[in-house]
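The values are calculated or read from the model by the stated rules, or taken from the named source; none is laboratory data. This is a predicted model, so every value here is computed, not measured. Because the Cβ atoms are built from the backbone with ideal geometry, glycine has one as well, and the counts that use them run over all protein chains shown. Keep in mind that these areas ignore ligands, DNA and RNA; they rest on the heavy atoms of the full protein, side chains included. Shrake-Rupley method; radii C 1.70, N 1.55, O 1.52, S 1.80 Å.
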Amino acid sequence: MKLVSKFALALSLVAVSAAPAAFAQSDEKPKKEKKGKEAAPAAPKRNYSKPFIAAYTPVANMLNKTKDAVAAKAAFLTVVAAIGNDDDRYEAGILAINIGAPLKDLAFQEQGIDLLIGSATTPVDLKKEYTFRKGAIAYDGKRFADAEKYMIDAYNIGYRANNIEYLVSNAMSQQNKDADAIAWIGKAIESSKAAGAVSKAYVIRAANLSAKMKNYTAASNFYKELVITENNPDYWHDALAFFDRSRDFNPEESLDILRLMRATNGLRFQQEYAAYLDSLSYIGVRYPAEAVSVLDEGFDKGVISRNNVTFSERYNEAKSGLAEDTRTLPGTIAPAKASSKPMLASLTADSFFSHKDYKTAKDLYESALSKGAVLDKDGGDQTDRTRFRLAMSKAMLGDYAGAKADFAMINNPNRKAIAEYWNMYIDQLSRPAAAPVAAAPAT
């Protein structure tokens, strides 16, 4: 959002209507209409001091009768000097604002605002409005501490217009008070929800402020709100990138986050392609098909270049092993299913998953899980890893209910957290497509 300068200026140039002070003390009672109906109540009775009325009247006449705002401004000091009570202060404030309006003199109008804010006579609604205007003028002048003070004062007495929570947050962040700024952007988000729709700009701002403080968990949680409501690759990228930084994930967990980022078309930067390859390499050169496929996508999008030595070398390495991997893979199914070791079936399923043969991968993951706890060569329990990838295979096959059922059985904390994002992806895939808009009849 842009700075509030034009907005503050527009606010300040609105004149305030008010009865001349000399006539505001009328003792006339409301007249009764026929049939016993009363007329609208008169304005509150004011107790202006006589010295103030004597000083105010000629200055008000300069403005209202002779239309000489310059002369009225020059004489206004006499009005201020004659203020004797809150009623005087209130009326002087309105006069200053009205003098400053045709002159487009913000500084002079601000004097009037100070008088209104300082008067006990000022009605609450008007005090709320002008306390905010005081903050808006300070914001415009980059006096962010003053802007924060007066906008919070306005908020505390009930002002809720003009995105005030967002402006308070911005004023705070300009002072590097990021934790407070996040709290106020949270108020802005809640306000936008109450109005019927979450403001995307507010959520992104909140996430970026959180990331600035290295609170990546909060940043990813803010982005969840956007991902839940809109299947936008940019939102998916940022949500998953912050999420990946929010915990200590092992390479295989990071791989399944990057796979989701790829599935949502969210891969954006060279370092993400490099991280993807590193996660594949952690397993060994067992996934040449996935490495070739990922690199081809990156080359086609122009995100990574074939002229980059690292990417070209890794591409050639994966490409050289792809034919043999493809040729020998079918022969691994029967031994994996026949083995008493569930991990063999799980690892074989991983290879088929990397070839996008999700049906065979699903069968092998189910075979592994049917044999009991899936233990690796070091005795580590890989049951959750296996079930997680079974759920991924089902998601890729369109079995969304089955995928969600398997994700719900995950116990590992990291994988449970990753499963939440896969479930959001499934929710988007399972939403019915929007009905096509009927063409307008020919005329």
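Sort through ASP125, ASP86 and tell me the only one that's closer than 25 Å to GLY158 by Cα, at pLDDT 95 or above, out of contact with any helix residue (DSSP H, G or I) (no Cβ under 6 Å at 6 or more places or on another chain) and surrounded by fewer than 17 Cβ atoms within 10 Å (Cβ to Cβ). Outline the logic, then answer.
Numbers: ASP125 fails: at pLDDT 95 or above.
So the residue among ASP125, ASP86 that is closer than 25 Å to GLY158 by Cα, at pLDDT 95 or above, out of contact with any helix residue (DSSP H, G or I) (no Cβ under 6 Å at 6 or more places or on another chain) and surrounded by fewer than 17 Cβ atoms within 10 Å (Cβ to Cβ) is ASP86.
Restricting attention to the stretch 41-81 and to residues that are assigned to a loop (DSSP other than H, G, I, E, B) and among the polar types (S, T, N, Q), the residue that is surrounded by the most Cβ atoms within 10 Å (Cβ to Cβ) turns out to be SER49.
Checking ILE137, ILE117 one by one, the residue that is touching an Asp or Glu at 6+ places or on another chain (Cβ under 8 Å) and either of a type in the set (S, T, N, Q) or buried (at least 19 other Cβ atoms within 10 Å of the Cβ) (or both) is ILE137 and no other. Checking the stated criteria, ASN250 turns out not to satisfy the condition of being of a type in the set (S, T, N, Q), under 26 Å from PHE388 (Cα atoms) and touching a Leu at 6+ places or on another chain (Cβ under 8 Å).
Determine, yes or no, whether ASP399 is of a type in the set (Asp, Glu) and at pLDDT below 95.
On the way: of a type in the set (Asp, Glu): yes; at pLDDT below 95: no.
No; evaluated as a whole, the condition is false for this residue.
Could you identify the single residue in ALA154, ALA145 that is open to solvent by 50 Å² or more (accessible area, probe 1.4 Å), of a type in the set (Gly, Ala, Ser), within 30 Å of GLN111 (Cα to Cα) and modelled with pLDDT of 95 or more?
Details: ALA154 fails: open to solvent by 50 Å² or more (accessible area, probe 1.4 Å).
That would be ALA145, the only listed residue that is open to solvent by 50 Å² or more (accessible area, probe 1.4 Å), of a type in the set (Gly, Ala, Ser), within 30 Å of GLN111 (Cα to Cα) and modelled with pLDDT of 95 or more.
Just one of the numbered conditions (1) free of Cβ contacts under 8 Å to residues at least 60 places away in the same chain; (2) surrounded by 15 or more Cβ atoms within 10 Å (Cβ to Cβ); (3) assigned to a helix (DSSP H, G or I) is not true of GLU190: (2). Checked against the criterion of being without any contact (Cβ under 8 Å) to a residue 40 or more places away in the chain and either within 28 Å of ALA75 (Cβ to Cβ) or assigned to a helix (DSSP H, G or I) (or both), the candidates TYR139, TYR130, TYR159 yield just one match: TYR130. Restricting the first member to the stretch 91-114 and to residues that are more than 15 Å from PHE52 (Cβ to Cβ), and the second to residues that are surrounded by fewer than 21 Cβ atoms within 10 Å (Cβ to Cβ) and among the basic types (Lys, Arg), the beta-carbon pairs closer than 9 Å and six or more apart or on different chains are ILE99/LYS73; GLY100/LYS73; PRO102/LYS67; LEU103/LYS73; ASP105/LYS73; PHE108/LYS73.
Residues that are among the acidic types (Asp, Glu) and open to solvent by 50 Å² or more (accessible area, probe 1.4 Å) were ranked within the stretch 325-374; the one that is farthest from GLU290 (Cα to Cα) is GLU366. Determine which member of the set TYR139, TYR48 is out of contact with any His (no Cβ under 6 Å at 6 or more places or on another chain) and over 30 Å from ASP180 (Cα atoms). The conditions single out TYR48. Screening the stretch 379-416 for residues that are outside any helix (DSSP H, G or I) and open to solvent by less than 30 Å² (accessible area, probe 1.4 Å) and picking the one that is nearest to LYS356 (Cα to Cα) gives ILE410. Number of residues in the stretch 70-86 that are touching a residue at least 24 places away in the same chain (Cβ under 8 Å) and of a type in the set (Gly, Ala, Ser) equals 4.
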